[in-house]
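I have placed the structure first, in the form of structure tokens, so that the comments after it can refer back to it.
Derivation of every value follows stated rules applied to the coordinates shown; laboratory data play no part. Just so you know, these numbers come straight off a predicted model, no measurement behind them. Neighbour counts are summed over all protein chains in view; Cβ atoms, including those assigned to glycine, are modelled from backbone coordinates with ideal geometry.
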Amino acid sequence: MAWRILALGVFIATAGAGCGDATGPDAVPQGAYAYSGFDESGALVIQGWLTLDTHDPARVTGAWHLEPVGNVANLVPQTGDGRLAGQANGNVVVVDLNPGFADNNVVLDGRLGDGTYDGRWTYSGLAGPINSGTFTADQR
């Protein structure tokens, strides 16, 4: 089946209210993706988890919890908790970590594999890109 539910709906509803006990990179909830984000030089700058529901490719949804690794500039809109939204086309999935806003957005543009989601993240404002890098995410 091309489209799978990659996270439990019950978990997504719970994650939207906050992290609860699922905080930090070591507490990845079952079915979520352990996420690592890297800057352009390849240094680890952010870790945490995200969920993806790709059942309807026109409306990918999920939740995320990400924390910076060290003191890194220009990561703000991808730290903390939130909901994500986007679209899928085949195994290419593009999601916005801050849907509904015209400014201060982080977009993940990646490919789904067998239990993986890898690609590029871009933090943009009204004037254009502010920061970017790569990410890897492995389903637990």
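Modelled spin-label separation between Asn104 and Arg120, with each label point placed 7 Å from Cα along the Cα-to-Cβ direction: 2.5 nm. Placing dummy labels 7 Å off each Cα toward the beta-carbon, the span from Val94 to Ser41 is 3.0 nm.
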